[in-house]
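Step one of this worksheet: look at the structure below.
The values are calculated or read from the model by the stated rules, or taken from the named source; none is laboratory data. Please read all numbers here as calculations on a predicted model, not as lab measurements. As a convention, Cβ positions derive from the backbone with ideal geometry for all residues, glycine included, and neighbour counts pool all protein chains shown. The area values use the complete protein model at the heavy-atom level, side chains included, leaving out ligands, DNA and RNA. Shrake-Rupley method; radii C 1.70, N 1.55, O 1.52, S 1.80 Å.
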Amino acid sequence: MKFKSQTNPKIHDDFIKNSPLGNLLNSSNWGAIKDNWESDIVSVVDDKNEMLASSLVLLKRLPLGKTIIYCPRGIVMDYDNLKLVSFFFKKLKEYGKNKKAIFIKFDPLFLNKAINPDGTTFQDEFIPEHIIFLKNLGAKYQGLTSNMSDTIQPRYNAVVDKEDFSFDKLHKRTKQFINKAKRSYTDIKIGGIELISDFSTLMSFTENRKGVNLRDKAYYNKLLSSYPLSSEITLVSIDLNKLSFENQKMISLNENLLVKTQSEKKQKNYKSEIERLATENNKLEKLKNEFGSNPSIAGTLAVSFGSQTECLYAGMNDKFSNYYPSYLAWFTAIENSFNQGNDRFNMGGIHNDLSENDGLLKFKKNFLPTIEEYAGEFNLPVNKLLYPITNWLYEKRK
C-alpha cells in the first residue's frame, strides 16, 4: 500500500461517490467552499494503483506555525480492513507531523442507530468494534455527545429514502398544508445563481427569526458555482394581487348571499366571512407595500453528490407562514431530487434529544424521514504535548 497526498480530485470523488461512507462534505470541491482553510486530498492505493482509502483534508493555520486538520465526514475506507486502517492512520499521523498539526479531527459516517419512519430501530453492532480499534490506534473518541452544538456536523440527521416517500404516503395534515400552499396562488422556481438574491433575502428573515448568523450571497454563489451541475435553489413565490382579487370576489359573493337570506344564523356566518376576508385583504395590502406584489416566501438550497442530495439551507418569510410555503418548498425539493435519480435526501441536522417539543424535528417528520444517529467525532493527537491545551482552547472557542 502507498499513502499519497495531492490526490487527483476526480479519482477521489469517484471513490467517495461509490462508498457507503461517502458524503458531499468530503468531496474535492468542498475544499473550495471552505476557502478560509487550506485543503488537500490524501489517499491510499494498492500496488495496482487502485484507491483503497481517501479523504479531503482541511488545514487551519494557528500561531507559531502550528495547524489543526479536519477531515469532514472522513476518512472514507473499509473499516473492516484492519490492515488498511492501521496503515492509513500511521501515515496520516506522519502527514500531520509534516504539516505541524497539533491534532487531526475526523468524523466518518458511522451509523450508530437509525429510527425508521414506521418506528422500527436499527442498531449497528459493528460500530463499537470500529471505535475500539481506532482508540487502540491512538484516536481520542469524543463520545455520543448530548448537544447539537457539540460537534462540527450534527450527529443526528433526518434522511428521506426514495422508497419511503410519495405524496400519498404523507400524513393527512401534511398533505393539507401542501395543498393549501398550492391553492394560494403560489409559483415554484427551480434554478441556480439567478435566484441567489431572493434566496439570500429569505435566509436573512430566518436569521432574524432564530437570532443566528448564517451565510451571505457570496457564500451561496460559491456553493452553486462549485457544484454547477448538481446544485439548485427551490423558491416558492406568492401572487398577492391574485390572492387579494380572489378574496374580493368572495366578499362580493357573501354580500349578495347576505342580502338574499332571511336566516339570522346565515346572516351571521356571511358577515363573519366578509369581515375575515376584509381583514385578510388589509393584511395583504400591507404585505404588498412591504415586499411587493409577487415576493419569494420560502426556499431551499440543495446539492447532490453521488446518489444523495444534501439540503444545506432553507429559509422562509414567517409573515407568510399561514400559507404554509415551507411545506411546498421542501416537498418540491425532495420530489425533484428523486425524479433526478437520487436515492436519498438529507434534510439536515436535528437536536440530539429527539424531543417532540423540538420544532425542527416536528417539521421534518412531516416528510417521513429516517432519523440517523452517527457515532460522532474523533481526535488523533499529533503533538502530544500541545494537544490537551489546544483541544481545550478549541472547545472553548467553539
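Of the numbered criteria (1) over 30 Å from residue 214 (Cα atoms); (2) open to solvent by 80 Å² or more (accessible area, probe 1.4 Å), the one residue 286 fails is (1). Looking only at segment 352-398, residues that are open to solvent by less than 30 Å² (accessible area, probe 1.4 Å), closer than 20 Å to residue 95 by Cβ and in a loop (DSSP other than H, G, I, E, B) come to 2 in all.
Among the residues of segment 231-249, just one is touching a residue at least 60 places away in the same chain (Cβ under 8 Å) and surrounded by fewer than 18 Cβ atoms within 10 Å (Cβ to Cβ), namely 246.
For the residues 173, 183, 209, the requirement of being closer than 26 Å to residue 119 by Cα and either in contact with a Ser or Thr (Cβ under 7 Å, 6 or more places away or on another chain) or open to solvent by 50 Å² or more (accessible area, probe 1.4 Å) (or both) singles out 173. Residues that are touching a helix residue (DSSP H, G or I) at 6+ places or on another chain (Cβ under 6 Å), outside any strand (DSSP E or B) and buried (at least 16 other Cβ atoms within 10 Å of the Cβ): does segment 51-72 have at least one? Yes, that holds for at least one residue.
Just one of the numbered conditions (1) aromatic (Phe, Trp, Tyr); (2) closer than 17 Å to residue 117 by Cα; (3) in contact with a strand residue (DSSP E or B) (Cβ under 6 Å, 6 or more places away or on another chain) is not true of residue 320: (2). Scan segment 28-39 for residues that are crowded, with 18+ Cβ neighbours inside 10 Å and either touching a His at 6+ places or on another chain (Cβ under 8 Å) or acidic (Asp, Glu) (or both) and the total you get is 1. The number of residues in segment 28-47 that are part of a strand (DSSP E or B) and among the charged types (D, E, K, R) comes to 2. Annotation note: of 184, 166, the sole residue that is closer than 19 Å to residue 329 by Cβ and touching a strand residue (DSSP E or B) at 6+ places or on another chain (Cβ under 9 Å) is 184. In this structure, is residue 274 open to solvent by less than 20 Å² (accessible area, probe 1.4 Å), among the β-branched types (Val, Ile, Thr) and not in a loop (DSSP other than H, G, I, E, B)? When the stated conditions are applied, residue 274 does not pass them. Within segment 312-334, the set of residues being under 28 Å from residue 153 (Cβ atoms), open to solvent by 10 Å² or more (accessible area, probe 1.4 Å) and either in contact with a Pro (Cβ under 7 Å, 6 or more places away or on another chain) or not in a helix (DSSP H, G or I) (or both) comprises 312, 313, 314, 316. Of the residues 225, 197, 204, the single one that is open to solvent by 20 Å² or more (accessible area, probe 1.4 Å), within 21 Å of residue 317 (Cβ to Cβ), modelled with pLDDT of 95 or more and assigned to a helix (DSSP H, G or I) is 197. When residue 92 is tested against (1) over 30 Å from residue 217 (Cβ atoms); (2) open to solvent by 20 Å² or more (accessible area, probe 1.4 Å); (3) not in a strand (DSSP E or B), exactly one condition is not met: (2).
Which one is farthest from residue 227 (Cα to Cα) among residues in segment 284-311 that are part of a helix (DSSP H, G or I) and among the hydrophobic types (A, V, I, L, M, F, W, C)? Checking each candidate, the answer is 284.
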